[in-house]
Amino acid sequence: MLRITEVRVSLRDDAKLKAFASITLEDCFVIRGLKVIEGTNNRMFVAMPSRKRPDGKHQDLAHPIKKEMRQVIEDAVIGEYRRERDRGVRPVVLHETESEVYSD
């Protein structure tokens with residue numbers, strides 16, 4: 001399994017979108033555009049980078065194939081999100097137009 005060697009998180013002040021994140025795999029491959037989302041029942045999850053298709057649906061640009069790797073990514077990203085939040089880092093406020101661009 002690939003090792004996550006770096007996680008970067010940028011907090012957001014939004015009802016659902018809590019942070020953007022990037023991960024580095026094996027010190028040689030970066031994936032940007034991950035999103036930390038607060039879903040139903042305050043459950044946190046990581047949405048993979050995606051693009052909006054012409055039919056309005058979202059399609060992942062990159063995603064793990066195995067559920068174990070997805071769990072490793074979620075644990076690392078949500079863990080770093082919580083550390084940043086607990087350190088008291090001020091979240092960036094999204095403007096209304098930016099919020100619409102990044103909503104799922």
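The values are calculated or read from the model by the stated rules, or taken from the named source; none is laboratory data. Quantities reported herein were computed from a predicted structural model and do not represent experimental measurements. Using ideal geometry, Cβ is built from the backbone for each residue, glycine included, and neighbour counts are taken over all protein chains shown.
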Legend entry - Among (1) surrounded by 13 or more Cβ atoms within 10 Å (Cβ to Cβ); (2) under 24 Å from R90 (Cβ atoms); (3) aliphatic (A, V, I, L, M) - the single one A15 does not satisfy: (1)
Legend entry - Single residue of segment 1-60 satisfying the filter (assigned to a strand (DSSP E or B) and basic (K, R)) that is nearest to E80 (Cα to Cα): R8
Legend entry - Boolean, I23 is crowded, with 17+ Cβ neighbours inside 10 Å, in contact with a helix residue (DSSP H, G or I) (Cβ under 8 Å, 6 or more places away or on another chain) and in contact (Cβ under 8 Å) with a residue 60 or more places away in the chain: no
Legend entry - Identity of the residue in segment 1-51, among the small types (G, A, S) and under 9 Å from the mean Cα position of the chain (by Cα), that ends up farthest from K66 (Cα to Cα): A19
Inset, instruction - Test V89 against the criterion of being within 13 Å of V9 (Cβ to Cβ), at pLDDT below 95 and among the aliphatic types (A, V, I, L, M), and give yes or no. - result: yes
